[in-house]
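Asker: The structure that follows is given in the form of structure tokens.
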Amino acid sequence: MIKLNNVTVKTREPILVGCNYIFYDNMIYGVIAHNGSGKTTLFRAMTNLVRIQEGSILYDDLPMKNIKQNLFYFESSEWLDGNLNGMDYLRFVKDAWKSQMKIEDVIRYWEMDEYIKVPIKKYSLGMKQRLLISLYMISDAKYLIMDEITNGLDQDSREHFFDWLMRVKKNKTIILSSHYKDELVEVCDSLLFIKKWSLCGE
């Protein structure tokens, strides 16, 4: 369970002001937002990448610093170092998050065998996105926060991704964002919008 308690987040303008919200376990939440609405800033605040001005964000009633290996957030493929390869990242995340997942299973699921040891600078956008999702998989973290993670995926890969989400949600709390409501409506248990400096459901 993730609790936002009276959270205020401001950059140049307020994003959230005195926001209270609970993300329950075993649920998939979709955040529908247009560019500039503040959803990336919200995700950064939830992962301690930007400071909140007031309130607290708790994971199972603990601050994020106490549950780091239970939380995974990788904002976009732009964070990837083009000189490294996909295997480098998979090995790092598996070790850092002390995961019991098998790297070969994740590679097989995303059919990355042919390029997983190729430098990322040679990857297409779709290849980078499949690698990015595979990092979430290999982390096996309880809390997964994903920002527009389906960008660049073809239809088959999207279906693969959503199939995986449905299989693992019974052990996790998953929050993902998209510009497209239709993409999330069938897979998400709850849809949220950032309105009037708060999180609002439909």
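Asker: Evaluate the range 151-174: report whether one residue or more is of a type in the set (D, E, K, R), touching a helix residue (DSSP H, G or I) at 6+ places or on another chain (Cβ under 7 Å), under 13 Å from Phe72 (Cβ atoms) and surrounded by 15 or more Cβ atoms within 10 Å (Cβ to Cβ). Please lay out each step first, then the result.
Answerer: Here is the first cut: in the range 151-174, the ones of a type in the set (D, E, K, R) are 154, 156, 158-159, 163, 167, 169-170, 172.
Narrowing further to those that are touching a helix residue (DSSP H, G or I) at 6+ places or on another chain (Cβ under 7 Å): 154.
Okay, now just the ones that are also under 13 Å from Phe72 (Cβ atoms), so none.
No; the residues of the range 151-174 include none that is of a type in the set (D, E, K, R), touching a helix residue (DSSP H, G or I) at 6+ places or on another chain (Cβ under 7 Å), under 13 Å from Phe72 (Cβ atoms) and surrounded by 15 or more Cβ atoms within 10 Å (Cβ to Cβ).
Asker: What are the pairs, 6+ residues apart or on separate chains, where a residue within the range 31-47 that is among the small types (Gly, Ala, Ser) has its Cβ under 6 Å from a residue that is open to solvent by 20 Å² or more (accessible area, probe 1.4 Å) and at pLDDT 90 or above?
Answerer: Matching pairs, first to second residue: Ala45/Ile52.
Asker: Here are the criteria: (1) within 17 Å of the chain's Cα centre (by Cα); (2) modelled with pLDDT of 95 or more; (3) among the polar types (S, T, N, Q). Tell me which single one Ser177 does not satisfy.
Answerer: Checking Ser177 against (1) within 17 Å of the chain's Cα centre (by Cα); (2) modelled with pLDDT of 95 or more; (3) among the polar types (S, T, N, Q), the one that fails is (2).
Asker: For the range 118-131, how many residues are open to solvent by 20 Å² or more (accessible area, probe 1.4 Å) and assigned to a loop (DSSP other than H, G, I, E, B)?
Answerer: Result for the range 118-131: 2.
Asker: Same structure again: For the range 82-93, state whether one or more residues are among the basic types (Lys, Arg) and at pLDDT below 95. Can you show your working first?
Answerer: Looking only at the range 82-93, we keep the residues that are among the basic types (Lys, Arg), and these are 91.
Filter once more, keeping what is at pLDDT below 95: none.
There is no residue in the range 82-93 that is among the basic types (Lys, Arg) and at pLDDT below 95.
The values are calculated or read from the model by the stated rules, or taken from the named source; none is laboratory data. Owing to the predicted nature of the structure, the values given are computational and were not obtained by experimental measurement. A quick note on method: Cβ atoms are made from the backbone with ideal geometry, for glycine too, and the neighbour counts reach across all protein chains shown. Accessible surface areas use protein heavy atoms only, side chains included; no ligands, DNA or RNA. Shrake-Rupley method; radii C 1.70, N 1.55, O 1.52, S 1.80 Å.
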